[in-house]
Each structure stands twice: as C-alpha cells, then as structure tokens.
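First the structure, in the form of structure tokens, and then the observations on it.
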Amino acid sequence: MEQMVFDESRLKNVLKTALIEVLEERRALFSELFTEALEDIALVNAIKEGETTKAASKEEIYRIIEAKA
C-alpha cells in the first residue's frame, strides 16, 4: 500500500480552488442560502426587541402597515 505525503499548502490551495468553483457554479443557491440566513437573523433580532417593548394592538399594527403601503 502506498503512503501519501500531505503538503499542507497544496492541500489548502486545492480546497480553496474547489470552494471557489462551487461558489461560482452554484451562485444562486449560495445567494439564496445567505439571504435566508440573514432573514433568520433579522427575525431573531425582531423577536428579541419585541420581548422588551410594550404590546401593540391589532389596530395599531394595521395602521402602521397601511401607512407604509
């Protein structure tokens, strides 16, 4: 059985190249995943902020939505 000798810098370059190729070929998928992650973070932040503010009535919420539309 042959024994392989690892060249750390060569392995690093091969992995970088492979990652870049995947990102370029699957740009739409990566963009979609990144967007979803950002939306999840924003939702978590909104929930945390909502836990520390006073409650709003349904009417107040609809009034705010209508004003922005």
Query raised in the report: How large is ³J(HN,Hα), in whole Hz, for each residue of segment 26-43 in order, when computed from phi with the Karplus curve 6.51 cos²θ - 1.76 cosθ + 1.60 and θ = phi - 60°, using x for Gly and Pro?
Result: 10, 4, 4, 5, 4, 4, 5, 5, 5, 4, 4, 5, 5, 5, 4, 5, 5, 5
Query raised in the report: chymotrypsin sites (Phe, Trp or Tyr not before Pro), restricted to segment 1-60: which are DSSP loop and have at most 13 other Cβ atoms within 10 Å?
Result: Phe6
Query raised in the report: Which one, (i) 3, 16, 28, 22, 15, 9, 5, 1, 0; (ii) 3, 12, 14, 17, 20, 19, 10, 5, 1; (iii) 3, 12, 9, 11, 13, 10, 9, 7, 7, 7, 5, 4, 2, 2, 1, gives P(r) over Cα pairs in 5 Å bins from 0, in percent as derived from the coordinates shown?
Result: (iii)
**Report entry** Label-point gap, in nm, between Lys68 and Val22 - each point 7 angstrom along Cα→Cβ
**Finding:** 3.6
Query raised in the report: What are the ³J(HN,Hα) values, in whole Hz, obtained from phi via the Karplus relation 6.51 cos²θ - 1.76 cosθ + 1.60 with θ = phi - 60°, for each residue of segment 6-17 in sequence order, with x given for Gly and Pro?
Result: 8, 9, 4, 5, 5, 4, 4, 5, 5, 5, 4, 4
**Report entry** Positive minus negative residues near Val44 (Lys, Arg vs Asp, Glu; Cβ under 15 Å)
**Finding:** -4
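Subtracting the Cα-Cα distance from 0.36 nm times the residue separation, let me have the gained length for Glu51 to Phe30 in nm, one decimal. Please list the in-between numbers first.
Working: separation 21, 0.36 × 21 = 7.56 nm, distance 3.19 nm.
So the chain would gain 4.4 nm between Glu51 and Phe30.
Taken together, the values in this text are just the output of simple stated rules run on the coordinates, not laboratory data. Keep in mind that what you see is a predicted model, and the values were worked out from it rather than measured. As a convention, Cβ positions derive from the backbone with ideal geometry for all residues, glycine included, and neighbour counts pool all protein chains shown.
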